[in-house]
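K.L.:
Below are the structure tokens for one structure; questions will follow.
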Amino acid sequence: MNIVKILQQDVAAAVERLYGQAISAEKVQINATLPEFTGDYTAVLFPFVKIAKKSPEVIGAEVGTWLQRETAYVKNYNVIKGFLNLELKETFWHEQLQEVLSTPHYGRFPSRGERIVIEYSSPNTNKPLHLGHIRNCLLGWSCSQILEAVGYEVIKVQIINDRGVAICKSMLAWQKFGEGRTPQSEGMKGDHFVGDYYVLFERKLQEEYEAWQQTPQAKALYETHHKPGQREEEFFKDYKNRWFNEHSRLGAEVREMLLRWEAGDPQTLALWRQMNSWVYEGFEATYAQLGVQFDKNYYESDTYLLGKDIIEEGLQKGVFFRKADGSVWIDLTDVGYDQKVVLRSDGTSVYITQDLGTARMRYRDFGCKRMVYVVADEQNYHFAVLFEILRRLGEPYADGLYHLSYGLVELPTGRMKTREGTVVDADDLIAEVMRLAREQAAERGSPTEGPEAEENLRRVAMGALKFFMIRVNPKRRMVFNPEESVDLQGQTGPYIQYSWVRIHGLMQRVQQEGVDLSNARCYTDFQSSEKELLRALCEYPSVVLTAAQEYDPSHVANYSYQLAKTYHRFWHDLPIFSAPTPEARAFRLQLSCAVAQVLESAMRLLGIEMPTRM
């Protein structure tokens, strides 16, 4: 029951009946009544002054009287200047509570019969998942759950960058320096094992570069090519990529390996498959810790040649044009972009070419006319261009594309060490939050040993990590503070989990003592904190819908926090088990149960599980 929409419709009906002019119910502004006034919901009257040609006070009295007489839920009213404060009947509050309690999937919507593809994570196989991947994965997973809750069938995918120069760097380093070591022999996760060889390659490359800078060839290049006033270290910093491609021995070996891979050399492919398999095992372990899964994996080794047929179609349609050197371009200057190459002069594709082909492949795979890409905001321009090209090509899904762009996530300076000195591995961050959750539990005197305690600690730690990441609007940059994330007193996952654990304890006591809750409907002396909770429960379905429409799980996260905060006030303001009457006790226990049900539902949409003890 959406009481706000009901009141909007009722007020619109009152205005039409009283003043003879139809108005849109959506334009009627209904808010929760401010605490200093009597009432539950407030209608804003100023927009009706021109229609009624009367003062707001008179309109309020006439509309209030009509609502009190003609509608099902309005009990009393009062008018304060241009605001009509409405007090609802006790029957409404009981009906709302029973709707929540009797609806196992309260807050979910019927099937829409429509699919959405959502792409997230999409890592490279040359190193482990990192801090940015955590935010990416958690946004993608929570969006998929929220979209499912509002009735979509969601297909969760990732495209894994499993080929190219970076992957060959790891392969070459293991081939030259690995001496047959494996993740098993070293007792390491496969992604960290391979990632260490990528780091090793970069270190060896830097050593080679520093040695080369002392050669006569390098000195001569500096003398003939440096800019006026440019120091040697500045020149060689800018020159490194060119050196890698033209002079480096390791660079030449990497390029040779890539050419052998592209030619299908059996030994190179065998090494590639082996090292990628180690990485995939590591990725899967991290995904399991994060609680995310995928319905389908796409691999760049399969898709990197896609899109060339689309370019040919676009040339025939006049969407693209060919330059004298044979390269193919699109002119987007009319929409504020520039000219964009989509096929190089040698016939090889660029990233956007592959993305064009992958989008069409997904449409053919799943028939989805809506696709969501969860990718960092540094790729905003790329996706704006991609979507514009697909629109000009007339692809049937082009109007349903969305880039869920998110900002950089950082850690407080000095909080954690990193493997490479620059990027924090996802596994290291998860382990750090687990450590802090364990320390906090020990300080509270909570159990930390045994299977049940371990599971509760895992749920608290992952709840802390996930909630802290998701509570921020995706477009904003954020700082993830591990210590703050596990705080029981702040805007955190554990704070919300603690509310649920409190109620769980109440319900256990109800069962143990056989408390009769059947007389809850006899309760009529509603208190302000009870109504505040019931209003919040009413809002839950619309919050889920807004989060889905805006692809923004922070709406659900912040709603969960506010609901838990409201429940804490209720807990402290009113006695529950020792309520003054049996009816009050039964009602408050049922209200607590409804809050727990909605908290658990909302947190599940964020991928967060509830512990049984904290």
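K.L.:
Go through the range 480-495 and report how many residues are among the hydrophobic types (A, V, I, L, M, F, W, C) and surrounded by 21 or more Cβ atoms within 10 Å (Cβ to Cβ).
P.N.:
Residues meeting the conditions: 2.
K.L.:
Another one. Go through the range 522-614 and tell me which helices (runs of 4 or more DSSP H), entirely inside it, have 2 or more residues that are modelled with pLDDT of 95 or more, among the acidic types (Asp, Glu) and on the phi > 0 side of the Ramachandran plot.
P.N.:
none
K.L.:
If a residue must be within 15 Å of residue 29 (Cα to Cα) and small (Gly, Ala, Ser), how many such residues does the range 65-93 contain?
P.N.:
Qualifying residue count for the region: 1.
K.L.:
Moving on. Among the residues of the range 422-438, is there at least one that is at pLDDT 90 or above, in contact with a strand residue (DSSP E or B) (Cβ under 7 Å, 6 or more places away or on another chain) and closer than 30 Å to residue 408 by Cβ?
P.N.:
Yes, the conditions are met somewhere in the range 422-438.
K.L.:
Between residues in the range 13-39 that are part of a loop (DSSP other than H, G, I, E, B) and residues that are aromatic (Phe, Trp, Tyr), which pairs lie under 7 Å by C-beta distance while being six or more apart or on different chains?
P.N.:
Between residues of the range 13-39 that are part of a loop (DSSP other than H, G, I, E, B) and residues that are aromatic (Phe, Trp, Tyr), the close pairs are 33/41.
K.L.:
When you scan the range 236-256, do you find a residue that is among the basic types (Lys, Arg), in a helix (DSSP H, G or I) and touching a residue at least 60 places away in the same chain (Cβ under 8 Å), even just one?
P.N.:
yes
K.L.:
I've got another one for you. Yes or no: the range 309-330 includes at least one residue that is under 25 Å from residue 159 (Cα atoms) and basic (Lys, Arg).
P.N.:
Checked the range 309-330: no residue is under 25 Å from residue 159 (Cα atoms) and basic (Lys, Arg).
K.L.:
Looking at the range 457-513 only, could you name the residues that are in a loop (DSSP other than H, G, I, E, B) and touching a strand residue (DSSP E or B) at 6+ places or on another chain (Cβ under 8 Å)?
P.N.:
472, 474, 475, 477, 480
K.L.:
Being surrounded by 12 or more Cβ atoms within 10 Å (Cβ to Cβ), among the polar types (S, T, N, Q) and farther than 30 Å from residue 269 by Cβ narrows it down to one of 213, 217, so name that one.
P.N.:
Being surrounded by 12 or more Cβ atoms within 10 Å (Cβ to Cβ), among the polar types (S, T, N, Q) and farther than 30 Å from residue 269 by Cβ holds for just one of 213, 217, which is 213.
K.L.:
If the Cβ limit is 7 Å and pairs must be 6+ apart or interchain, which residue in the range 264-291 that is under 22 Å from residue 134 (Cβ atoms) pairs with which residue that is part of a loop (DSSP other than H, G, I, E, B) and basic (Lys, Arg)?
P.N.:
What qualifies is 282/189; 285/189.
K.L.:
Another question about this same structure. Quick test for you: out of 370, 344, pick the one residue that is out of contact with any Cys (no Cβ under 7 Å at 6 or more places or on another chain) and either at pLDDT 95 or above or closer than 30 Å to residue 483 by Cα (or both).
P.N.:
Being out of contact with any Cys (no Cβ under 7 Å at 6 or more places or on another chain) and either at pLDDT 95 or above or closer than 30 Å to residue 483 by Cα (or both) holds for just one of 370, 344, which is 370.
Quick grid of which residues meet (1) more than 25 Å from residue 388 (Cα to Cα); (2) out of contact with any Cys (no Cβ under 8 Å at 6 or more places or on another chain); (3) not small (Gly, Ala, Ser):
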{"position": "258", "(1), (2), (3)": "yes, no, yes"}
{"position": "298", "(1), (2), (3)": "no, yes, yes"}
{"position": "307", "(1), (2), (3)": "no, yes, no"}
{"position": "320", "(1), (2), (3)": "no, yes, yes"}
{"position": "328", "(1), (2), (3)": "no, yes, yes"}
{"position": "334", "(1), (2), (3)": "no, yes, yes"}
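K.L.:
Further question: Of these, 605, 534, which one is under 29 Å from the mean Cα position of the chain (by Cα), crowded, with 21+ Cβ neighbours inside 10 Å, under 19 Å from residue 517 (Cα atoms) and in contact (Cβ under 8 Å) with a residue 40 or more places away in the chain?
P.N.:
After applying the criteria, what remains is 534.
One line per residue, one yes/no per condition, for (1) at pLDDT below 95; (2) under 13 Å from residue 7 (Cβ atoms); (3) surrounded by fewer than 15 Cβ atoms within 10 Å (Cβ to Cβ):
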| residue | (1), (2), (3) |
| --- | --- |
| 30 | no, yes, no |
| 35 | yes, no, yes |
| 43 | no, yes, no |
| 52 | yes, no, no |
| 58 | no, no, yes |
| 65 | no, no, yes |
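K.L.:
Same structure, new question: Can you tell me which residue among 92, 83, 46 is of a type outside the set (A, V, I, L, M), touching a strand residue (DSSP E or B) at 6+ places or on another chain (Cβ under 6 Å) and touching a residue at least 24 places away in the same chain (Cβ under 8 Å)?
P.N.:
So the residue among 92, 83, 46 that is of a type outside the set (A, V, I, L, M), touching a strand residue (DSSP E or B) at 6+ places or on another chain (Cβ under 6 Å) and touching a residue at least 24 places away in the same chain (Cβ under 8 Å) is 83.
K.L.:
I would also like to ask the following. Can you name every residue in the range 424-456 that is over 30 Å from the mean Cα position of the chain (by Cα), in contact (Cβ under 8 Å) with a residue 12 or more places away in the chain and outside any helix (DSSP H, G or I)?
P.N.:
Listed by number, the residues that qualify are 446, 447.
K.L.:
Another one. In the list 228, 266, which residue meets the criterion of being closer than 22 Å to residue 162 by Cβ and surrounded by fewer than 14 Cβ atoms within 10 Å (Cβ to Cβ)?
P.N.:
The unique qualifying residue is 266.
K.L.:
Filter the range 294-311 for residues that are in contact with a Leu (Cβ under 8 Å, 6 or more places away or on another chain) and part of a loop (DSSP other than H, G, I, E, B) and give the result.
P.N.:
Once the filter is applied, which keeps residues that are in contact with a Leu (Cβ under 8 Å, 6 or more places away or on another chain) and part of a loop (DSSP other than H, G, I, E, B), the range 294-311 yields 306, 307.
K.L.:
For the range 269-293, which positions are among the β-branched types (Val, Ile, Thr), in contact with a Cys (Cβ under 8 Å, 6 or more places away or on another chain) and assigned to a helix (DSSP H, G or I)?
P.N.:
none
K.L.:
Scan the range 178-235 for residues that are farther than 14 Å from residue 275 by Cα, modelled with pLDDT of 95 or more and aromatic (Phe, Trp, Tyr) and jot them down.
P.N.:
Scanning the range 178-235 gives 201, 209, 212.
K.L.:
Being among the β-branched types (Val, Ile, Thr) and under 38 Å from the mean Cα position of the chain (by Cα) is the filter here; which residues of the range 64-121 pass it?
P.N.:
Those that are among the β-branched types (Val, Ile, Thr) and under 38 Å from the mean Cα position of the chain (by Cα): 100, 103, 116, 117, 118.
K.L.:
Ok, one more. What strands (runs of 3 or more DSSP E), lying completely within the range 64-163, carry at least 1 residues that are farther than 29 Å from residue 604 by Cα?
P.N.:
In the range 64-163, 74-80, 83-88 are the strands (runs of 3 or more DSSP E) which contain 1 or more residues that are farther than 29 Å from residue 604 by Cα.
The values are calculated or read from the model by the stated rules, or taken from the named source; none is laboratory data. Predicted model only: the values in this text are computed from it and were never measured. Quick reminder, even Gly has a Cβ in these numbers, built from the backbone with ideal geometry, and neighbours come from all protein chains shown.
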